[in-house]
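Have a look at the structure below, then the notes.
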Amino acid sequence: MGLPCGFGASTLQTLKLVAIPSSFSMLRPCISKTLSLHSYHHFQRSSLPFLSRALSATALQSTSIANEDEKVVKPQWRAAIDFKWIRDNKDSVAANIKNRNSNADLELVLELYERLSNLQKEVERLRGERNVVANKMKGKLERSERQRLIEEGKNLKEGLAALEEDLVELTDKLQQEAQSIPNMTHPDVPIGGEDCSVLRRMVGSPREFSFPVKDHLQLGKGLDLFDFDAAAEVSGSKFYYLKNEAVMLEMALINWTLSEVTKRGYTPLTTPEIVRSSVIEKCGFQPRGANTQVYSIEGSDQCLIGTAEIPVGGIHMDSILASSTLPLKYVAYSHCFRTEAGAAGTATRGLYRVHQFSKVEMFILCRPEDSDTYHEELIGIEEDLFSSLGLHFRTLDMASGDLGAPAYRKFDVEAWMPGLERYGEISSASNCTDYQSRRLGIRFRPSSEISTGPKKGKTNIPTQFVHTLNATACAVPRMVICLLENFQKEDGSVIIPEPLIPFMGGLDLIRPKSK
Amino acid sequence: MRDCQISRRWQEVERLRGERNVVANKMKGKLERSERQRLIEEGKNLKEGLAALEEDLVELTDKLQQEAQSIPNMTHPDVPIGGEDCSVLRRMVGSPREFSFPVKDHLQLGKGLDLFDFDAAAEVSGSKFYYLKNEAVMLEMALINWTLSEVTKRGYTPLTTPEIVRSSVIEKCGFQPRGANTQVYSIEGSDQCLIGTAEIPVGGIHMDSILASSTLPLKYVAYSHCFRTEAGAAGTATRGLYRVHQFSKVEMFILCRPEDSDTYHEELIGIEEDLFSSLGLHFRTLDMASGDLGAPAYRKFDVEAWMPGLERYGEISSASNCTDYQSRRLGIRFRPSSEISTGPKKGKTNIPTQFVHTLNATACAVPRMVICLLENFQKEDGSVIIPEPLIPFMGGLDLIRPKSK
């Protein structure tokens with residue numbers, strides 16, 4: 001069986017797969033991109049798809065393209081991205097990318113996906129031909145015929161091996177590009193930048209003071225609650241010691257919050273604070289980017305968590321959950337570590353922006369049709385907690401330009417901080433739909449009472465990805481700022497809000513210390 | 001020997017400086033041209049010679065430091081000399097409980113009560129990591145809250161601390177952050193490390209300070225998470241919660257006058273024994289032998305509690321008197337007060353500063369305590385009784401029951 005020769009030996013050379021600078025348009029994809037191909041001196045193919053022909057014509061141009069992305073590390077894991085859906089909905093995906101100010105290159109993703117599909121078909125075809133040859137060899141053959149088949153089989157095998165390598169490379173490249181496509185956006189989310197965020201709810205109003213207001217640092221000094229100076233020597237800036245009643249206040253906030261949320265049916269957890277960097281990536285963060293928020297451990301693939309969302313998201317990694325177990329609701333207490341690289345300016349004084357803090361986080365895994373409802377439940381719990389502490393705050397529906405890549409919709413709560421004379425973020429509730437679960441590999445099998453096919457039982461029903469949500473129940477330093485600044489008295493003492501008093505061993509007032 | 005070399009060099013440096021000053025003075029006067037020229041030449045030689053010697057001095061001083069820093073602290077005269085098996089029993093409290101049913105270890109109990117997840121943690125983080133769940137979370141919080149409360153009542157200032165510190169602070173406390181088999185996690189691209197104990201950030205609070213004698217003793221009780229690589233820890237004693245990379249701990253730390261440190265060492269071990277007794281634990285206190293003290297400790301008392309699931313005693317706390325070992329490195333001095341001024345200058349400046357003594361002691365290392373409570377207070381059906389002092393801190397819960405599946 002002769003295969004028409006598609007390539008001349010001279011056009012084949014080892015070509016490196018390069019990244020396309022985003023300025024290249026869709027119209028000239030094959031001129032600037034190349035696949036890594038191995039020499040095919042003896043390999044002959046039948047009519048090649050557009051992909052391969054175009055490659056041969058452009059082989060010589062490959063070396064002039066700068067390999068901008070070659071230094072980016074190949075992803076160690078694969079996200080189960082629905083490429084067909086992206087292709088079928090490319091206009092809304094493109095609009096979403098724009099609304100999110102994302103750098104994702106949709107055209108490149110679609111093109112890579114097209115090439116991948118074609119390459120997969122080619123690989124399947126060659127495998128078919130190899131099987132045909134293998135079958136033929138089982139029968140009785142003339143010596144020369146056998147020799148020819150052996151030769152053909154060998155060529156096919158080499159060709160296949162090379163193509164399969166290309167397949168792996170293309171899949172990696174596609175993954176790398178596609179992973180940065182942000183989640184879709186809830187239709188009610190306002191489009192635009194930060195200033196387009198919409199007010200959902202306002203609770204209370206700024207307290208009127210009959211005396212000059214102190215900020216949390218001045219109050220803390222008078223009450224001997226913090227030490228930033230010693231921490232700067234021991235650890236660096238943006239670290240601190242809590243002292244005296246501030247320790248009791250931290251413990252009270254954590255204990256009360258855990259108690260309140262556990263009462264509502266959430267399973268309490270404490271979590272590891274060191275995790276593998278791949279888990280952080282799967283949750284939608286970039287541990288090794290420039291200006292990363294993530295501390296890495298030397299000599300290891302491990303990092304410190306910036307939020308308990310990460311280790312909790314990881315609990316059910318690579319699992320298939322029974323539909324009856326959903327929803328799974330967790331409330332997790334952990335310390336959180338953030339580099340705050342790139343955070344400059346005024347909003348960094350005292351406890352407002354620190355490298356290490358305690359946080360109680362809520363996390364839900366649920367069926368897709370339920371995530372909007374649970375998003376409302378989470379923001380409801382947050383608003384209850386902050387109201388019962390007597391805080392004045394507003395809840396915002398964050399605009400498309402201000403959502404992180406994973407969030408389909410995000411509600412932020414900003415509380416009034418009289419010392420800062422502005423609202424400061426104290427919590428965030430995100431519905432990540434299936435963005436994280438496609439990366440973490442968390443599926444469920446929908447239950448069914450009726451079996452319609454020939455096979456009874458659960459195996460007919462394909463698994464789906466769960467939806468995940470996360471919400472801050474209590475970020476201690478921001479809460480401490482709120483409590484100190486809002487409940488200060490003229491003499492510098494601070495009133496403890498009622499719900500916390502039992503958790504403070506009965507203490508209802510923090511008094512200045514006599515020196 | 002290095003010390004001698006340094007002394008000799010200093011003398012030489014002093015001599016040369018003297019000669020350089022003589023030359024400099026001579027040059028101020030009126031001189032013959034050739035005489036001036038000769039003096040300039042001599043001055044130049046002296047200057048070069050001095051520069052070289054001063055470089056030697058710096059190198060030698062560094063080398064001396066490096067060697068001398070590894071000289072361990074002196075040892076209290078009552079400390080038994082020898083290896084681990086020479087440690088002496090100071091006190092025995094209670095006795096091993098007799099069980100009328102087969103005893104479960106903390107892992108089996110935890111499984112039945114849905115308290116831990118080691119498997120998920122192994123995937124997410126690696127071995128020796130864990131999630132606490134359900135009542136175990138309440139138990140951890142109860143232990144921390146109760147311990148902080150009890151020790152604060154005794155006059156200790158409560159603290160929470162940074163868990164990331166500069167590696168130099170760790171070294172000054174007597175640990176080796178960058179040795180082979182180090183216990184210390186380092187942060188990539190930085191001189192920072194994770195703490196293995198709150199002793200480190202608390203020791204650092206008064207680094208490079210002179211404290212007024214009237215402020216002593218300073219007593220702190222600090223709650224922090226602790227991180228340890230456990231490199232080189234192999235063998236049987238690593239199952240479950242017994243040896244983990246991350247845990248919560250409440251630590252006591254004292255800075256005091258030298259003459260008081262023995263007394264405060266007794267105070268610290270007394271507090272520990274009170275705490276463990278009131279929880280109903282059976283334990284023994286050991287005076288650790290010389291071969292088993294870390295470099296900083298002058299004397300160390302370890303408490304080992306009975307762990308029926310492990311069928312042996314396991315260390316739950318340690319109280320060390322580090323005398324001036326850490327303070328000499330951290331630079332923590334105090335100025336003794338004096339009522340009588342005997343010299344011509346009145347006031348405080350005649351009295352030279354001294355180094356404080358520092359002590360540290362574990363008030364509560366949560367995972368080991370959880371092992372003790374679960375294993376000692378288990379019932380036949382796998383439920384676990386909460387010791388009385390913790391009940392109010394558990395929101396009134398007095399029993400952890402198996403979950404129906």
Once label points are set 7 Å from the Cα along Cα→Cβ at both B:Glu12 and A:Glu164, what is their separation, rounded to one decimal in nm? 7.2
Please express the Cα-Cα pair-distance distribution P(r) of region A:196-235 as a list of whole percents, one per 5 Å bin, running from 0 to the bin with the greatest distance. 5, 15, 13, 14, 13, 12, 12, 13, 3
Okay, which of region B:5-28 sit inside 20 Å, backbone N to the point 7 Å along the Cα-Cβ direction of B:Asn45? B:12-28
Using a 10 Å cut-off around each Cβ of peptide B:183-190, what is the average number of partner chain Cβ atoms that fall inside? 5
For region A:319-367, what does the alpha-carbon gyration tensor say about shape, rounded, prolate or oblate, given a ≥ b ≥ c as the root eigenvalues, a/c under 1.5 as rounded, and a/b over b/c as prolate? prolate
Taking a crude spin-label model, label points 7 Å out from Cα along the C-beta direction, the B:Glu19 to A:Ala232 distance in nm is 4.7
Mean Cβ neighbour count within 10 Å, used as a protection proxy, ranking B:82-92, A:76-86, B:385-395 highest first: B:385-395, A:76-86, B:82-92
Dipole magnitude of region A:83-180 about its Cα centre (Cβ charges: Lys, Arg +1; Asp, Glu -1), debye to nearest 20: 580
Could you tell me the ratio Rg/Rh of region B:1-70? Both radii from Cα atoms, Rh via Kirkwood. 1.19
Scan region A:290-364 for chymotrypsin sites (Phe, Trp or Tyr not before Pro) in coil per DSSP, keeping those whose Cβ has at most 10 other Cβ atoms within 10 Å, and list them by number. none
Over all directions, region A:347-478 yields a Cα convex hull whose mean projected area in nm² is 10.5
Extension gain, A:Trp85 back to A:Val213 (0.36 nm per residue minus Cα-Cα distance, nm): 40.6 nm
Using only the Cα atoms of region A:182-255, what do you get for the radius of gyration and for Dmax, in Å? 19.6, 49
Determine the shielding of peptide A:291-300 by partner chains: average, over its residues, the number of Cβ atoms on other chains within 10 angstrom of each Cβ. 4
At a 10 angstrom cut-off on C-beta neighbours, averaged per residue, how do the peptides B:361-370, A:139-148, A:297-306 rank from highest to lowest? B:361-370, A:297-306, A:139-148
Along its three principal axes, how long is region A:134-280 when you only count alpha carbons? Whole Å, largest extent first please. 106, 44, 35
Chain B - percent relative contact order, Cα under 8 Å, separation 6 or more: 20
Take every Cα pair under 8 Å in region B:1-101 that's 6+ residues apart, average their separations, divide by the length, and report that relative contact order as a whole percent. 33
0 to 90° range, to nearest 10: angle between helix B:261-278 axis and chain B longest Cα axis: 20
Describe numerically, in nm with one decimal, the distance between label points set 7 Å from Cα along Cα→Cβ at A:Val123 and at B:Leu57. 7.1
Kirkwood Rh, Cα atoms: Rg over Rh of region A:223-328: 1.06
What is the Cα radius of gyration of the protein assembly as shown over 2.2 N^0.38 Å, N being its residue count? 1.17
What fraction, in whole percent, of alpha-carbon pairs in region A:83-180 exceed 22 Å separation? 49
For B:Ser127 and B:Ile81, FRET efficiency with R0 = 30 Å and r from the beta-carbon atoms, rounded to 0.05? 0.20
For the protein assembly as shown, with the dipole built from +1 on Lys and Arg beta-carbon atoms and -1 on Asp and Glu ones, taken about the Cα centre, which of A:Phe228, A:Cys482, A:Leu167 lies farthest toward the positive end? A:Leu167
For a quick protection proxy, order the peptides B:213-221, B:93-101, A:195-203 by their average other-Cβ count within 10 Å, most packed first. B:213-221, A:195-203, B:93-101
Please get the size of the charge dipole for the protein assembly as shown, origin at its Cα centre, with Cβ charges of +1 on Lys and Arg and -1 on Asp and Glu, quoted in debye to the nearest 20. 1980
Specify which residue in the list B:Gly174, B:His206, B:Ser190 is farthest towards the positive end of the charge dipole of the protein assembly as shown, using unit charges on the beta carbon of Lys, Arg (+1) and Asp, Glu (-1), about the Cα centre. B:Ser190
Where both residues lie in the protein assembly as shown, what percent of DSSP beta bridges are antiparallel, nearest 5? 85
Bounding extents of region B:27-153 in its principal axis frame from Cα atoms, largest first in Å, are 106, 45, 34
Top positive-direction residue, dipole computed over chain B with Cβ charges, set B:Thr263, B:Pro102, B:Val366: B:Thr263
Could you please state, rounded to a whole Å, how far the C-alpha centre of region A:177-204 is from the C-alpha centre of region B:77-99? 64
Note: B:118-131 gets an average of partner chain Cβ contacts (10 Å, Cβ to Cβ) equal to 6
Could you calculate the FRET efficiency of B:Phe101 with B:Asp274 from 1/(1 + (r/R0)^6), where r is the beta carbon distance between them and R0 is 22 Å, rounded to 0.05? 0.10
Largest first and in whole Å, what are the equivalent-ellipsoid semi-axes of region B:206-264 based on the Cα gyration tensor, each being the root of 5 times an eigenvalue? 34, 13, 11
Shape call for chain B, from the Cα gyration tensor axes a ≥ b ≥ c (a/c under 1.5 means rounded, otherwise prolate when a/b beats b/c, else oblate), comes out prolate
Nearest 0.05, what FRET efficiency do B:Ser383 and B:Val93 give at R0 = 25 Å with Cβ-Cβ as r? 0.50
Take every Cα pair under 8 Å in region A:83-180 that's 6+ residues apart, average their separations, divide by the length, and report that relative contact order as a whole percent. 42
I want the local charge near B:Asp105. Using Cβ-Cβ distances under 13 Å, sum +1 for each Lys or Arg and -1 for each Asp or Glu among the other residues. +2
The alpha-carbon pair-distance distribution computed for region B:357-405, with 5 angstrom bins and whole-percent values, is 5, 17, 21, 23, 15, 7, 5, 4, 2, 1, 0, 0
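Values in this text are rule-based calculations from the coordinates and carry no lab data. As the structure is a computational prediction, the values presented were derived from the model and not from experiment. Positions of Cβ are generated from backbone atoms using ideal geometry, with glycine treated the same way; all protein chains shown enter the neighbour counts.
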